[in-house]
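Everything on this sheet refers to the single structure shown next.
The values are calculated or read from the model by the stated rules, or taken from the named source; none is laboratory data. Bear in mind that the values here come from a model prediction, so they are computed numbers and not experimental data. For neighbour counting, all protein chains shown are included, and Cβ atoms are generated from backbone atoms with ideal geometry for every residue, glycine included.
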Amino acid sequence: MKYQIAEARKLRNITQAELAEKMGTTQQTVQRYETNQVNIRMDKMIEMSEILNVSLAYLLGMSSSPEISEVSDMAPVPLLGSIAAGTPIEMISVDETYDIPADIHERYPQAFLLKVVGESMNRVLPNGCYALINPCKEEIKPMKAYAVCVNGFDATIKRVKPLSNGYELIPDSIDPTFRPQIFDFNEIDTQPISIIGEVIWYLVPFGFEI
């Protein structure tokens with residue numbers, strides 16, 4: 001995947017040093033991002049797309065247009081990988097785009113797709129569907145479905161209940177073997193949790209078995 005970070009930065013007349021300052025990092029790190037010397041976390045890609053005011057698809061090298069919204073019935077959004085609806089798994093990188101309705105794209109211009117793998121959310125998200133994720137900027141809404149990163153690497157979709165000292169991740173499945181998980185940050189061995197974004201919509205790809 002050929003990122004277009006340098007192109008976006010130059011388009012907005014921002015230097016590497018200025019971008020680094022806005023991101024709270026070093027110029028050397030930005031240079032590594034631009035030359036594909038390091039793997040870039042999804043939250044950093046989203047942050048750069050917002051700072052540079054370009055679409056995430058453009059920054060990922062999946063679109064030739066930097067504009068966030070396009071006048072069309074449909075708009076392409078990036079499919080960034082697979083995410084578990086079951087036991088958390090390491091997110092798998094994917095280099096594809098899929099079209100979604102333009103009105104949804106206009107409401108959520110930085111949203112991206114993740115492929116759902118597993119049955120722990122099958123009441124609302126069928127195994128194999130593509131969930132549209134809106135990066136979190138607001139307070140977590142209790143019991144809404146979110147894409148969550150566990151331990152910095154593994155990703156899952158669950159309903160999230162904020163606790164005073166952590167989160168409870170709750171499945172929404174017809175399979176009773178899936179159980180809620182509590183992550184209590186007061187316990188030393190608790191894995192760190194970060195919220196990737198809220199699930200706002202989903203689609204099923206062509207050929208999906210119904």
inquiry  = Taking the conditions exactly as written (modelled with pLDDT under 90 and under 26 Å from F208 (Cα atoms)), does D154 satisfy them or not?
reply    = yes
query = Do we find that T190 is β-branched (V, I, T) and surrounded by fewer than 16 Cβ atoms within 10 Å (Cβ to Cβ) in this structure?
reply = yes
key: Residue satisfying condition, being in contact with a Leu (Cβ under 9 Å, 6 or more places away or on another chain) and at pLDDT 90 or above, within set I193, I200   = I200
message = Of the conditions (1) in contact with a Lys or Arg (Cβ under 8 Å, 6 or more places away or on another chain); (2) surrounded by 13 or more Cβ atoms within 10 Å (Cβ to Cβ); (3) basic (K, R), K144 satisfies every one except a single condition; which number is it?
response = (2)
remark   = If we ask which residues in region 2-53 are among the small types (G, A, S) and part of a loop (DSSP other than H, G, I, E, B), their number turns out to be 1
task = Considering every residue within region 61-71, establish whether at least one is touching a helix residue (DSSP H, G or I) at 6+ places or on another chain (Cβ under 6 Å) and either surrounded by 18 or more Cβ atoms within 10 Å (Cβ to Cβ) or at pLDDT 85 or above (or both).
result = yes
task = Confirm whether P171 is more than 30 Å from S55 (Cβ to Cβ), in contact (Cβ under 8 Å) with a residue 40 or more places away in the chain and surrounded by 21 or more Cβ atoms within 10 Å (Cβ to Cβ).
result = yes
note = Heads up, the strands (runs of 3 or more DSSP E) in region 138-210 (entirely inside) with at least 1 residues that are over 20 Å from the mean Cα position of the chain (by Cα) and not aromatic (F, W, Y) are 154-163, 166-170, 181-184
